Amino acid sequence: MKLCRFKDDIGTARLGLVTDDLQVIDLTPAGVGQMSALLEDESLPDRIQKLKSDKLPRFRLSEVQLCAPVERQEVWAAGVTYLRSKKARMEESDFSATAYDRVYEAERPELFFKSLPEKVTGPDEPVGIREDARWSVPEPELALVLNSKGKVAGYTIGNDMSSRDIEGENLLYLPQAKVYERSCAVGPWIVVGASEAEAREWTIEIKIRRGNETVFSGETSVGQIKRRFEELAAFLFRSQRFPHGAVLLTGTGVVPPDSFTLQERDEVEIAVSGIGILRNVVVEV
Ligand code: DO4
Ligand code: MG
């Protein structure tokens, strides 16, 4: 079951259900205006099933403009949750190698703030590379959609855009390497009703196109994430409240070779097998 946000004729965001035959059912006439309220519902899959059978307006998915499926949730990210990420980061910087090595093994995970909801880039909107960075990469990640109790209410796709030269120069520059204009893309929708065991079977694929050429492609599996989703969520909710819930990116397991950097107009396509595809074009910011 896929929940989306889409724009109506006057640009107001509405809530929709994406069906298997690629239609969007508008949930607004059924009185469902807020996605975060829906995500609080313990019996969400049943509720969605009922809404599906109501006589509600339908649109073709190809005719609607999707928005990021994030309303008032802060976006956070976990790091160094895959062995591949730990290895790449240790190679990137002698200075920080011990920190990455330690955090991979430690009980407490690396968690960092990534984006305010209003700054999140949605499907088909541009993602940014910093003008003062020389080495920019996308990070394709499974994103957990957490309700206000810290429970996983659904899953979506995240792109944790990163400036690896800035991060590698000094670990204290991490917020600048990770948080800047258009550095966080989320979408295309939220999948509800999948268990962690099911999600761990999904694959994450990335393709980067430059003109007609694919300049990088890579793949990993959600099952490679070292930590349980519950564990990541519990650490995020320690000594902190999220009244509107939160979105938590779970880290990257696909790292392009060190010779690769993104350029303006590159198209980044991230596909998660149980979710769909998040596509964004790169701009310099
Ligand atoms: O500490 C660096 C960031 C790690 C990260 O974003 C990841 O592993 O995905
Ligand atoms: Mg990341």
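The values are calculated or read from the model by the stated rules, or taken from the named source; none is laboratory data. None of these values were measured; they are calculated from a predicted model. With ideal geometry, Cβ positions are generated from the backbone for all residues, glycine too; neighbour counts draw on all protein chains shown. SASA here: full protein model, heavy atoms, side chains in, ligands and nucleic acids out. Shrake-Rupley method; radii C 1.70, N 1.55, O 1.52, S 1.80 Å.
Evaluated against (1) open to solvent by less than 10 Å² (accessible area, probe 1.4 Å); (2) in contact (Cβ under 8 Å) with a residue 60 or more places away in the chain; (3) within 16 Å of ligand 1 (Cβ to nearest atom), Ala177 falls short on exactly one condition, (2). The C-beta contact set for the stretch 239-261 (first residue without any contact (Cβ under 8 Å) to a residue 24 or more places away in the chain and more than 17 Å from Lys178 (Cα to Cα), second residue within 15 Å of ligand 1 (Cβ to nearest atom) and outside any loop (DSSP other than H, G, I, E, B), distance under 8 angstrom, 6+ apart or interchain) is empty. Within the stretch 14-58, the set of residues being hydrophobic (A, V, I, L, M, F, W, C), touching a residue at least 40 places away in the same chain (Cβ under 8 Å) and surrounded by fewer than 19 Cβ atoms within 10 Å (Cβ to Cβ) comprises Leu22, Leu44. All conditions in (1) within 16 Å of ligand 2 (Cβ to nearest atom); (2) of a type in the set (Ser, Thr, Tyr); (3) open to solvent by 20 Å² or more (accessible area, probe 1.4 Å) hold for Ser148, with the sole exception of (1).
None of Ala153, Ala133 is open to solvent by 10 Å² or more (accessible area, probe 1.4 Å), part of a strand (DSSP E or B) and away from ligand 2 (no atom under 14 Å from the Cβ) except Ala153. Does the stretch 63-93 hold any residues that are more than 20 Å from the chain's Cα centre (by Cα) and either open to solvent by less than 10 Å² (accessible area, probe 1.4 Å) or among the acidic types (Asp, Glu) (or both), and which are they? Hits for the stretch 63-93 are Glu63, Ala88, Glu91, Glu92, Ser93. Residues that are out of contact with any strand residue (DSSP E or B) (no Cβ under 8 Å at 6 or more places or on another chain), within 12 Å of ligand 1 (Cβ to nearest atom) and in contact (Cβ under 8 Å) with a residue 60 or more places away in the chain within the stretch 131-169 comprise Glu167, Gly168, listed in sequence order.
On the stretch given as the stretch 53-84, residues that are in contact with a helix residue (DSSP H, G or I) (Cβ under 8 Å, 6 or more places away or on another chain) and either among the aromatic types (Phe, Trp, Tyr) or under 16 Å from Pro257 (Cα atoms) (or both) total 4.
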